[in-house]
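Scroll down for the structure; my scribbles are underneath it.
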Amino acid sequence: MNKKLIALAGGLLLPAFARAADLDGATLSLGWGVPFAGILLSIALFPMLAPGIWHHHFGKITALWTALFLLPFAAAFGLGQTGALLLHALFTEYIPFIVLLFALYTVSGGILVWGSLHASPRLNTLILAIGTALASVMGTTGAAMLLIRPLLRANEGRKRNVHVVVFFIFLVANVGGGLTPLGDPPLFLGFLKGVTFGWTFQHMLMPVLLLSALLLIIFYFLDRHMFAREAKEGTLKPVDTSHDKPLKLHGKRNFWLLGGVVGAVLMSGLWKPGIAFELPGVHLELQNLLRDLALLLLAFVSLWITPKQVRAGNEFNWLPILEVGKLFAGIFITIAPVIAILRAGDHGALAGLVQTVSGPDGKPLDGMYFWMTGILSSFLDNAPTYLVFFNLASGDAAELMGPFGSTLLAISMGAVFMGAMTYIGNAPNFMVKAIAEHRHVKMPGFFGYMLWSGAVLLPCFLLLTLVFFHF
C-alpha cells in the first residue's frame, strides 16, 4: 500500500506542482475526520462482525477509507495541496515510524529465549516486571517483541491466559516506556523539542513506578485467582520438570544491533548538521535520513547474521508488522485534518475541547491536560497529540521544564500511559495482539479490550490524578 500511495502522490503532483501551504485547521469541519473514524470503526467492528473478511481484506478496507479522504480533499483543495499532504504524512511521519518499528521487530525477533518456563503467578509477574524495566532502554516495541513469545510459551495450554497478554500490553508495550525518550515516540518528540533526558527520567520516575507497581500487584492477584480456578476445574496441566532445560539466550549478537538502533535514534536527536532537502510539504533533515537508513541496514544485518533456527524458534513471521504497516499508513494520512483542527486551538472545530485544559485565568489545568492528552492519545497517534498539547501549553521546552513542569508532566503521562487504553493507542499493542492470536490466544476484540483497560486502568489514572495533579 505504501508504494501505491507514493505513486499516487507523484501522479497528483505532476500536473499541479505547486508549493502547498500548511493545512489550516481553522477552516476545516469535523466532517473531514469521517474517513479516520471509519478506519477506527473498521478496526473495532470488522474482526467482531466479519472476521474472515477483515483477515483477508483489512489492507483493502483501509485503502478504501484513505481514498474516500484523498479524493474529496483533492477536489476541495487542489492536487498540489493533496500531494503535499500525502508526502508529508508518508515521509515526515509514517516512514520514520514504520522503519523504527521494522528495525526493532526484526532485531528483537532474532533473539531467542529458550528453555523450560512453567507459568506461575510469580514467574508471569517477574517477566512483566523485567519487560517494564527494559521498555525504557530498548523501546516498548523492542521489549515487547523480545519477551512476548517466551511469556506465551510459558502459558501455553492454559484455559485462561488472555489477561496475561492484556497486562503485558499495559505494562511492557506502554507504561514501561515512560522513563526515557527512547521508550516511547511522544517523549522522543519532546527530546527533539529540547526536553532533556534528565528531566524526563527525574519527573516520570515516580508516576511510572507507582503505576507499574499498581498494575503488577493487580496482575499477581488476578493471575493467582485464575490459576486457582483452573486447578479447581481440573484444566491445569501438571508440571513435568523431568525434561526441563536451562534457560539460554540465542542470537545474542542482536543485542549489539539493538544498541545500534538506540544509537541511531540518539544521533538523530543530538546531531544537527543543518542540512535539509525540500519536497512539497516535506522538510527532510540529513540526520533523520541517515537514521532511517541506519535502521534499515541494522534490520537487514540482523536477518543476515541470525541463524534460521533462532527465528524459527520464535515462530518469527512478517504478519504482525505487515498488519501494523497497512493500518497505520491509512491512519497517518486520514488523521491529518483531525490534528490540524486540534492545532487550530480556539479557532478550530474542536475549540471547546481545547478550552477545557485552561482555567478562566488562562492558567493550565494540569489534571485536564493529563486526561485530554491521554484520551486523544488513545484514539489518535500519541506522538502528534503530544505535540499539540506541548505547543498549546507553551511550546518552549525551558519554560515547560521550569514553571510549567507539572503541565509537561501531565502531557507526558497522558500520552504514554493512555496509549494502553486501545489497541491503536500505541503500535506495539497491535503487534502483541497479532502474535498472541497467531499462538491461538483468543484475544478480545476492540471493545472487549477497552472493557479490560477501562476496568483496570481508569481507576489507576484517577489515583494518579489525585496524587500528582490538581484541577
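Look at (1) out of contact with any Gly (no Cβ under 9 Å at 6 or more places or on another chain); (2) in a helix (DSSP H, G or I) and you find that THR385 fails only one, number (1).
If you go through region 353-400 and keep only what is of a type in the set (Phe, Trp, Tyr) and under 17 Å from THR200 (Cβ atoms), you end up with TYR369, PHE370, TYR386, PHE389, PHE390. Restricting the first member to region 275-294 and to residues that are in contact (Cβ under 8 Å) with a residue 60 or more places away in the chain and of a type in the set (S, T, N, Q), and the second to residues that are assigned to a helix (DSSP H, G or I) and surrounded by 15 or more Cβ atoms within 10 Å (Cβ to Cβ), the beta-carbon pairs closer than 8 Å and six or more apart or on different chains are ASN288/PRO96; ASN288/SER268. Of everything in region 289-340 that is open to solvent by 30 Å² or more (accessible area, probe 1.4 Å) and in a loop (DSSP other than H, G, I, E, B), the residue that is nearest to LEU23 (Cα to Cα) is TRP318. If only residues of region 94-132 that are surrounded by fewer than 24 Cβ atoms within 10 Å (Cβ to Cβ) and of a type in the set (S, T, N, Q) are counted, the one that is farthest from PHE221 (Cα to Cα) is SER116. Would you be able to say whether some residue in region 221-230 is of a type in the set (Lys, Arg), at pLDDT 85 or above and open to solvent by 60 Å² or more (accessible area, probe 1.4 Å)? Within region 221-230 (the criterion being of a type in the set (Lys, Arg), at pLDDT 85 or above and open to solvent by 60 Å² or more (accessible area, probe 1.4 Å)), the answer is yes, since at least one residue qualifies. Residues in region 354-370 that are out of contact with any helix residue (DSSP H, G or I) (no Cβ under 7 Å at 6 or more places or on another chain) and either assigned to a helix (DSSP H, G or I) or free of Cβ contacts under 8 Å to residues at least 40 places away in the same chain (or both) were compared, and the one that is most open to solvent (accessible area, probe 1.4 Å) is PRO360.
Matching residues to (1) modelled with pLDDT of 85 or more; (2) farther than 19 Å from PHE197 by Cα; (3) basic (Lys, Arg); (4) in contact with a Phe, Trp or Tyr (Cβ under 9 Å, 6 or more places away or on another chain):
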{"site": "ASP240", "(1), (2), (3), (4)": "no, yes, no, no"}
{"site": "LYS248", "(1), (2), (3), (4)": "no, yes, yes, yes"}
{"site": "GLY263", "(1), (2), (3), (4)": "yes, no, no, no"}
{"site": "GLY269", "(1), (2), (3), (4)": "no, no, no, yes"}
{"site": "GLY281", "(1), (2), (3), (4)": "no, yes, no, yes"}
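How about region 72-93: which of its residues are closer than 14 Å to PHE332 by Cβ and open to solvent by 10 Å² or more (accessible area, probe 1.4 Å)? Steps first, please.
Residues of region 72-93 closer than 14 Å to PHE332 by Cβ: 85-93.
Those that are closer than 14 Å to PHE332 by Cβ and open to solvent by 10 Å² or more (accessible area, probe 1.4 Å): LEU85, LEU87, HIS88, PHE91, THR92, GLU93.
The values are calculated or read from the model by the stated rules, or taken from the named source; none is laboratory data. Predicted model only: the values in this text are computed from it and were never measured. In this analysis, Cβ positions are derived from the backbone assuming ideal geometry, glycine residues included, and neighbour counts consider all displayed protein chains. To get the accessible areas, we keep the full protein, side chains included, count just its heavy atoms, and leave off ligands, DNA and RNA. Shrake-Rupley method; radii C 1.70, N 1.55, O 1.52, S 1.80 Å.
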